Amino acid sequence: MSIDYSALLVAASAAPSPAMASHAGVALAPVAAAWSAPAQGAPIVMAPPPAAAAATPGAGSRRRRLWELTGHAHCPVIGVCLPLPALRRLLAKVDGGTAISDDYELHCTMVSLAKRRGPMAEALQRELDRRYLRPLREAARVKGEAALERWWDEASAGNDLGAALWTTLTHPHCSPALQDRVLGRVHMHQHQVGMVTRVELARFEQLIDENAVLARTLGQAQQRCTRQAAEFARQREQLESELLHSRTALIGSRSELEQARERLAELSAADPDLAARLQLAAEKRELQERLLQAQRALQRAQQQLAAEAERSRELAQALARQAGAATTEAPAPQPPQAAARLDARSVLCVGGRLASVPIYRRVVERVGARFLHHDGGDEDSQQRLDATLAAADLVICQTGCISHGAYWRVKEHCKRTGKRCLFVEVPSRQAIEQALARVLVEDAHP
């Protein structure tokens with residue numbers, strides 16, 4: 001039959017011991033009768049306490065058993081060295097399935113049963129020895145109370161307080177004084193653990209709240225990542241489709257190019273002069289385009305010439321009147337005659353700054369001439385320079401602002417054609433006016 005644990009607790013509380021009353025405020029007393037080893041299949045019965053006294057601490061080399069511990073050592077040993085699930089398993093194993101739901105009731109029952117040798121006390125002894133086999137072997141080499149106390153200080157500072165407590169209390173050299181010091185330290189440790197537990201519980205609740213906030217934030221971030229991943233996947237599919245189309249178009253272009261090359265090779269083989277004729281046709285188209293541009297430029301020039309003829313005559317007369325008033329000693333050329341000699345003539349200015357081109361144009365047109373300009377090879381092509389030189393009647397070469405190639409081309413053209421060329425070192429309005437004045441004087445006095 002099973003044990004009536006309620007009656008056992010009532011009996012323990014009816015006769016409290018001083019040791020149990022002083023520890024944890026619980027009025028528990030040793031049970032009046034100890035456990036006796038039952039026969040196979042026989043019910044567990046209570047036996048009278050053994051006649052022999054408990055082993056004296058420190059006597060001999062035999063370790064003390066659980067039921068041989070004195071004072072209030074059983075409560076911390078059961079509470080610190082064995083977890084509640086292990087106590088429940090032992091109770092179910094020894095008592096055949098009797099269950100105690102309340103943790104405190106289970107603890108008090110096990111403490112009471114541990115004080116007398118019996119099936120439960122022996123089961124607890126075996127479980128504790130099995131759990132802490134390694135520290136028990138280590139402590140077996142410790143000799144003397146002082147050495148045991150040093151071993152306890154080092155072991156209790158580690159992570160396994162239960163192993164240090166069980167090993168020290170059951171050691172042969174553990175004296176009552178050392179036992180009291182060990183139990184006192186464990187007692188204070190339990191108080192500190194309770195305080196830390198309360199703090200940790202408060203911190204744990206705070207962490208739960210923070211975890212909820214972080215979980216919501218994480219959920220939102222995961223949703224954003226999911227949307228971005230879907231968008232990236234869509235863009236990737238689109239790019240892959242475009243890449244496939246581009247590759248297809250490239251393959252088609254290469255095929256067409258290869259076909260065109262084969263056709264060109266066939267035509268070249270059929271007509272050896274095909275390449276030369278194609279080149280001539282391309283040059284013909286280019287010349288036709290240049291001719292069309294020249295015709296358009298000539299048409300615009302003729303229109304400008306007709307419009308500027310009248311204005312140039314008026315400007316020439318004004319210039320002649322100014323020249324007549326300025327010269328009193330030497331006979332000056334007649335302005336109307338000079339104007340007539342520059343009328344409808346083309347003056348080409350080679351070089352000079354582009355910003356000064358409008359000024360050069362006004363100076364040249366003031367004497368009745370038609371203005372032409374070439375930048376000296378920087379922007380206008382050298383081929384255009386030859387055409388412009390051929391259309392000019394007078395060339396003013398500003399040597400400080402043209403390239404070497406343009407300079408030698410102007411000089412060689414004027415020398416070859418006998419065309420008048422004036423070289424100006426410093427490009428300026430005054431230099432252009434002086435050059436034109438020398439031309440007017442030379443034409444008036446040949």
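Values computed for the structure shown
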item	result
Qualifying positions in the stretch 164-205 - without any contact (Cβ under 8 Å) to a residue 40 or more places away in the chain and open to solvent by less than 70 Å² (accessible area, probe 1.4 Å)	ALA164, THR167, THR168, ALA177, LEU178, VAL182, GLY184, VAL193, GLY194, THR197, ALA202
Among residues of the stretch 145-154, those that are open to solvent by less than 30 Å² (accessible area, probe 1.4 Å) and among the aliphatic types (A, V, I, L, M), counted	2
Count of the stretch 401-432 residues which are loosely packed, with under 15 Cβ neighbours inside 10 Å and in a helix (DSSP H, G or I)	9
Subset of the stretch 385-400 (residues that are within 18 Å of GLU433 (Cβ to Cβ) and at pLDDT below 85)	GLN398, THR399, GLY400
Any hit, the stretch 185-195, residues being in a helix (DSSP H, G or I), closer than 30 Å to SER156 by Cβ, β-branched (Val, Ile, Thr) and modelled with pLDDT of 85 or more	yes
Qualifying residue in the stretch 202-209 (condition: of a type outside the set (A, V, I, L, M) and farther than 30 Å from VAL80 by Cβ)	yes
Number of positions in the stretch 332-361 that are modelled with pLDDT of 85 or more, part of a helix (DSSP H, G or I) and either polar (S, T, N, Q) or over 18 Å from ALA392 (Cβ atoms) (or both)	2
Residue satisfying all of: in the stretch 84-104; acidic (Asp, Glu) and under 23 Å from ARG131 (Cβ atoms); least open to solvent (accessible area, probe 1.4 Å) among these	ASP95
Candidates ARG438, ARG409, ARG429, ARG416 - the one that is basic (Lys, Arg) and closer than 14 Å to GLY352 by Cα	ARG429
Check on ARG300, under 22 Å from LEU436 (Cα atoms), open to solvent by 40 Å² or more (accessible area, probe 1.4 Å) and either outside any strand (DSSP E or B) or modelled with pLDDT under 80 (or both)	no
Evaluation of TYR132 against (1) more than 60 Å from the chain's Cα centre (by Cα); (2) surrounded by 19 or more Cβ atoms within 10 Å (Cβ to Cβ) (one fails), failing number	(1)
Flag for ALA444 being modelled with pLDDT under 80 and either more than 60 Å from the chain's Cα centre (by Cα) or within 20 Å of GLU314 (Cα to Cα) (or both)	yes
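Each row is one residue, and each column tells you yes or no for (1) at pLDDT below 90; (2) part of a helix (DSSP H, G or I); (3) farther than 30 Å from ALA390 by Cα; (4) open to solvent by 100 Å² or more (accessible area, probe 1.4 Å).
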residue: ARG224; (1), (2), (3), (4): no, yes, yes, yes
residue: SER268; (1), (2), (3), (4): yes, yes, yes, no
residue: ALA276; (1), (2), (3), (4): yes, yes, yes, no
residue: ALA281; (1), (2), (3), (4): yes, yes, no, no
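The values are calculated or read from the model by the stated rules, or taken from the named source; none is laboratory data. Computed from a predicted structure; not experimentally measured. We place every Cβ from the backbone using ideal geometry, glycine too, and count neighbours over all the protein chains shown. The accessibility values were calculated without ligands, DNA or RNA, using every heavy atom of the protein model including side chains. Shrake-Rupley method; radii C 1.70, N 1.55, O 1.52, S 1.80 Å.
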